[in-house]
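Colleague: Quick one: this structure, given as structure tokens, is what I'll be asking you about.
Throughout, read-outs are computed from the coordinates displayed, never taken from laboratory work. Note that the coordinates shown come from a computational prediction; the quantities given were computed from them, not determined experimentally. Methodologically, a virtual Cβ is constructed for each residue, glycine included, from the backbone with ideal geometry; neighbour enumeration extends over all protein chains shown.
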Amino acid sequence: MPADAAPLRDSVPASPEGRTVLDARDISRALTRISHEILERNKGADDLLLLGIPTRGVPLARRIAERIASAEGYDVPVGSLDVTMYRDDLRMRPARTLLPTEIPEDGLDGKVVVLVDDVLFSGRTIRAALDAMNDVGRPQSVRLAVLVDRGHRELPIRADFVGKNLPTSLGEKVRVRLAEFDDVDAVTIEGTP
Amino acid sequence: MKHHLLSAADLDRTEAELVLSTAEELRSLADRPIKKLPALRGRTVVNLFFEDSTRTRISFEAAAKRLSADVINFSAKGSSLSKGESLKDTALTLEAMGADAVVIRHWASGAPHLLANSGWVRSSVVNAGDGTHEHPTQALLDAFTLWRHLGSLDGRRVAIVGDVLHSRVARSNAILLRTLGAEVTLIAPPTLLPVGVGGWGVETSYDIDAVLPKADAVMMLRVQRERMSREGGGFFPSAREYSRRYGLDSRRMGLLQDHTVVMHPGPMIRGMEITADVADSDRSVIVEQVTNGVAVRMAVLYLLLSGNESGGAE
């Protein structure tokens, strides 16, 4: 399906990559809305810092920063925070590859940090991110922005800014693809409901 | 990665590159206010040192502590080891204490291999230098240092100069650097090249001045007097002659290409294999090797200890 063919949501056929729930334009609109919600909530871009969780949280954080820059004319610092070492399942799984952590030069102290991730699921990644942040600095406050919230939380964690609430069953797999890594912007669901 | 790290040959190219890229991420920890990660919280790492080594032990200790592991140092001097306890009984003691990893330095070549394969311990064994055999983490930190300075090691020429015969560092480096695609030339007097070096897959030379102009990195080795039976051990006529023919001085440094780095695994004997002005020059990355050593050992401990192979793939 060409990217510019606006599909009717109900008539999208099941492709080998699963059912598309957000296409490139949906993702773009969601990120624009999240960017404005962040600005509205923060009453401007002062002290804001966007911290993407690798891999796909990082380009999402950059895209939000671009939108904030075009809305407010202010460059919000963007960083990345790898949470691998803080995961609670390290002992149960083979060693994972570490991903880059890049903290903007001024650090996190006193900033309003917005964590950005692609999918919010069990909440365990976010718990790990909060722990990881603890070792890097002391933000004034921390907020969470996700492109997709698919439910099934295992910890008392919620997102402040959500691109799309996506009710799923545990048997399904939500896959976020972004042009930076996958040549295409799309959110798909695979598996049986 | 396998359960143990006994030899540089245990690592294929993918695994070696995984250690290097992991070390690269861990190196940035040194710039953070809190230089600690919780990855190995509740794990126990034993440093079992049958041979004196300050820098390697400190490096492993720092690496384990930065990953939040508990560290037990067990050195030969002033312990049951000096009272004649066998390696087996020491190993059983460590097993009873619940060590998750044993970092072993031993004067006998093959001791880590015995410890890992005897069934005495279930923990991961890391070879921190055994006799004149291998020192894989030193090779990894050297490769990491080169990688940071030169980028990919494919086709890079590394000259290793000095007492190759007694050097576990040279052997491990020759194996690992070849795995990573570099070309290694060993330079030493004929008496200090080991028998069978032809099978290592490296070049050898007796003439340092002919090799230096083409090298991308020069690694100087210490002359290991303690492993030679007499003064000089009959391996070369005199220290002065050795130094003149195989030492790195400022004249020889002038032969190097602009980007070539000078390395030394330490401890170095200034005035013997390397002159002070070379060791302190801009080309020298000797101090950086120490910093990189902690990051590389963190990477090794993390990759060996976190998770288990049966836990299912990502």
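Colleague: Run the simple label-point estimate for B:R240 and B:D280 please: 7 Å along Cα→C-beta, distance reported in nm.
Modeller: 2.4 nm
Colleague: Relative contact order of segment B:179-246, please, whole-number percent, based on alpha carbon pairs below 8 angstrom and at least 6 residues apart. Before the final figure, lay out the partial values.
Modeller: On the way: 38 pairs, mean separation 20.7, N = 68.
Result for segment B:179-246 is 30 percent.
Colleague: Along the principal axes of its C-alpha atoms, what lengths does segment B:136-286 span, in descending order and rounded to whole Å?
Modeller: So the extents along the principal axes, rounded to whole Å, are 42, 34, 27.
Colleague: Something else now. Taking the Cα centre of segment B:74-204 as origin, work out the dipole magnitude from +1 charges on Lys and Arg Cβ and -1 charges on Asp and Glu Cβ, in debye rounded to 20. Kindly include the intermediate steps, with their values, before the conclusion.
Modeller: Values: 11 positive and 11 negative charges, 23 e Å.
My answer is approximately 120 debye.
Colleague: Also, quick follow-up: What is the P(r) of chain A, as percent of Cα-Cα pairs per 5 Å bin from 0?
Modeller: Whole-percent P(r) values from 0 Å outward: 1, 7, 16, 19, 20, 17, 10, 6, 3, 1.
Colleague: Okay, moving on. At 10 °C and 1.306 mPa s, what whole-number value in µm²/s does Stokes-Einstein give for the translational diffusion of the protein assembly as shown, with Rh from the Kirkwood sum over Cα pairs? Numbers along the way, then the final one.
Modeller: Numbers: Rh = 25.7 Å.
In µm²/s, the coefficient is 62.
Colleague: Taking only C-alpha pairs under 8 Å that are 6+ residues apart, what is the relative contact order of chain B in percent?
Modeller: Here the relative contact order equals 21 percent.
Colleague: Set Lys and Arg Cβ to +1 and Asp and Glu Cβ to -1, take the dipole of segment B:54-131 about its Cα centre, and tell me which of B:A76, B:N117, B:A96 lies farthest positive.
Modeller: Farthest towards the positive end: B:A76.
Colleague: With r defined as the distance between the Cβ atoms of B:R55 and A:E154 and R0 fixed at 56 Å, what FRET efficiency is calculated, to the nearest 0.05?
Modeller: 0.80
Colleague: What does the charge dipole of the protein assembly as shown about its Cα centre add up to, to the nearest 20 debye, if the Cβ of each Lys and Arg holds +1 and the Cβ of each Asp and Glu holds -1? Can you show the working numbers first?
Modeller: On the way: 63 positive and 69 negative charges, 223 e Å.
Value, rounded to 20: 1060 debye.
Colleague: Additional query: Taking θ as phi - 60°, what are the ³J(HN,Hα) couplings along segment B:112-119 by the Karplus curve (6.51, -1.76, 1.60), each to the nearest whole Hz, with x for Gly and Pro?
Modeller: x, 4, 4, 4, 6, 10, 7, x
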